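Read through the structure below, which is laid out as structure tokens, and then see the notes.
The values are calculated or read from the model by the stated rules, or taken from the named source; none is laboratory data. Since the model is a prediction, treat every value here as computed from it, not as a measurement. Please note: Cβ atoms are built from the backbone with ideal geometry, for glycine as well, and neighbour counts cover all protein chains shown.
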Amino acid sequence: MSETNLPENRTLTLERTFGAPLELVWEAWTQPEHIAQWWGPKGMETTVLEHDFTVGGQWKYLMKMPNGSEFVADGVYSEIVERQKIVSTANFKPMTENVEIHAIFEAVGTQTKFTFHCVHETEEYCKQQEEMGFYNGWGSLFELLADFVQNQ
């Protein structure tokens, strides 16, 4: 079998342990009123336009930059395992399109181990996204999530 375009070769991964219980981190990720508080790059205001948290359900978030420009992130949920895993398609136009994101949650005492995978269509696209700042972008988003769950 060819090793070209295997999922592991086109996936970028971030891991983090949040100093908050699994229940709280799960709710922050899945409840629209919480998502609006932390989702998006620092300094952006997020409005949840759609959030049907079911398999086959769609999500759509509007992010407004301080300069007034806006962009939309959207996707469709393909797998939800309560308090364990969320898989969704995702588009963050115009920067990123047609990726699949996997959010994996695991209780570790009173903390939550969180693993985030972003699967791209091709290895080339994956490398391009990494060079465009994937780790900084998503890392800063998860900093906002960490701050949010710490202050709940």
Of everything in region 108-133, what is among the acidic types (Asp, Glu) and outside any helix (DSSP H, G or I)? Give them in sequence order.
Glu121
Considering only residues that are in contact with a Phe, Trp or Tyr (Cβ under 6 Å, 6 or more places away or on another chain), outside any helix (DSSP H, G or I) and among the aliphatic types (A, V, I, L, M), look in region 1-44 and name the one that is surrounded by the fewest Cβ atoms within 10 Å (Cβ to Cβ).
Leu14
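Every residue, every condition in (1) out of contact with any His (no Cβ under 6 Å at 6 or more places or on another chain); (2) of a type in the set (A, V, I, L, M, F, W, C), yes or no:
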{"residue": "Lys93", "(1), (2)": "yes, no"}
{"residue": "His117", "(1), (2)": "no, no"}
{"residue": "Tyr125", "(1), (2)": "yes, no"}
{"residue": "Leu144", "(1), (2)": "yes, yes"}
{"residue": "Asp147", "(1), (2)": "yes, no"}
Tell me yes or no: at least one residue of region 123-134 is among the aliphatic types (A, V, I, L, M) and closer than 21 Å to Asn9 by Cβ.
yes
Could you go through region 97-107 and let me know if any residue there is under 16 Å from the mean Cα position of the chain (by Cα), more than 21 Å from Asn9 (Cβ to Cβ), assigned to a strand (DSSP E or B) and among the polar types (S, T, N, Q).
no
Looking at region 76-105 only, could you name the residues that are exposed (fewer than 15 other Cβ atoms within 10 Å of the Cβ) and either within 16 Å of Trp39 (Cβ to Cβ) or of a type in the set (Asp, Glu) (or both)?
Glu79, Glu82, Lys93, Met95, Glu97
Part of a strand (DSSP E or B) and of a type in the set (S, T, N, Q) - does that describe any residue in region 47-59?
yes
Enumeration of residues in region 68-90 that are farther than 29 Å from Pro21 by Cα and within 15 Å of the chain's Cα centre (by Cα)
Val72
Please verify whether region 74-93 includes one or more residues that are among the β-branched types (Val, Ile, Thr), out of contact with any strand residue (DSSP E or B) (no Cβ under 7 Å at 6 or more places or on another chain) and either more than 23 Å from Gly109 (Cα to Cα) or not in a strand (DSSP E or B) (or both).
no
How do the pairs read when you match residues in region 123-145 that are closer than 20 Å to Gly40 by Cβ with residues anywhere that are among the β-branched types (Val, Ile, Thr) and at pLDDT 95 or above, using Cβ under 8 Å and keeping only pairs 6 or more apart or on different chains?
Gln129/Val99; Leu145/Val25
If only one of Phe148, Phe114, Phe53, Phe92 is in contact with a helix residue (DSSP H, G or I) (Cβ under 8 Å, 6 or more places away or on another chain) and without any contact (Cβ under 8 Å) to a residue 60 or more places away in the chain, which one is it?
Phe53
